[in-house]
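S.K.: Please find one structure pasted underneath; my questions will follow.
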Amino acid sequence: VQCVLMVLGNLVLDSAGRARVLSQERVVERLLGMLWSPHNKTLRFAAGALRNLSSDARGRRLMEGEAEVVTRLLELKSHSDASTARYAAAVLKHLRANRQSSKR
């Protein structure tokens, strides 16, 4: 699972890869579910992939309505793994910016 997540995270670095993955909404749902994994590498790679997907408006829309996900991302901001914490903070920043721009 961890290798697949790492590859997926790299695949969605560019807009074409993000578009392909985001067309399969269940992929985002499964990534969100992995934020509760007990395995640090799984958490890191899932959060990294979500960071990349959240840079896209469609990705943010798929993540926005999940209140428990935002709560979990807030928890992960202080995770002992610095990369996981940084990725979670970036997703939250993207979601926050999306909410602020939609209020205008």
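The values are calculated or read from the model by the stated rules, or taken from the named source; none is laboratory data. Here the structure is a predicted model, which is why all the values come from computation and not from measurement. Heads up, the Cβs are rebuilt from the backbone with ideal geometry, glycines too, and the neighbour counts pull from every protein chain shown. Note: accessible area is taken over every heavy atom of the protein model, side chains too, but ligands, DNA and RNA are not part of it. Shrake-Rupley method; radii C 1.70, N 1.55, O 1.52, S 1.80 Å.
S.K.: L11 is checked against (1) farther than 18 Å from V1 by Cβ; (2) surrounded by fewer than 16 Cβ atoms within 10 Å (Cβ to Cβ); (3) at pLDDT below 90 and fails just one. What number does that condition carry?
M.R.: L11 satisfies every listed condition except (1).
S.K.: Residue by residue through region 77-99, note down the ones that are within 15 Å of the chain's Cα centre (by Cα) and over 21 Å from M6 (Cα atoms).
M.R.: Across region 77-99, the qualifying residues are K93, L95, R96, A97, N98.
S.K.: Oh, and also: Looking at L74 and the list (1) open to solvent by 40 Å² or more (accessible area, probe 1.4 Å); (2) modelled with pLDDT under 95, which single condition is not satisfied?
M.R.: Result: L74 fails condition (2) only.
S.K.: Considering only region 59-87, state which residues are part of a helix (DSSP H, G or I) and touching a residue at least 40 places away in the same chain (Cβ under 8 Å).
M.R.: G59, L62, L76, T84, Y87 - these are the residues of region 59-87 that are part of a helix (DSSP H, G or I) and touching a residue at least 40 places away in the same chain (Cβ under 8 Å).
S.K.: Also, I was wondering about something else. If a residue counts only when it is of a type outside the set (D, E, K, R) and either touching a strand residue (DSSP E or B) at 6+ places or on another chain (Cβ under 9 Å) or in contact (Cβ under 8 Å) with a residue 40 or more places away in the chain (or both), which helices (runs of 4 or more DSSP H) contained entirely in region 1-54 have at least 2 such residues?
M.R.: The helices (runs of 4 or more DSSP H) meeting that bar are 2-11, 15-22, 40-53.
S.K.: Would you mind stating whether N52 is more than 24 Å from A67 (Cβ to Cβ) and of a type in the set (S, T, N, Q)?
M.R.: In short, no.
S.K.: Does region 19-48 hold any residues that are closer than 17 Å to H79 by Cα and surrounded by 15 or more Cβ atoms within 10 Å (Cβ to Cβ), and which are they?
M.R.: Hits for region 19-48 are L32, M34, L35, S37, K41, T42, L43, R44, F45, A46, A47, G48.
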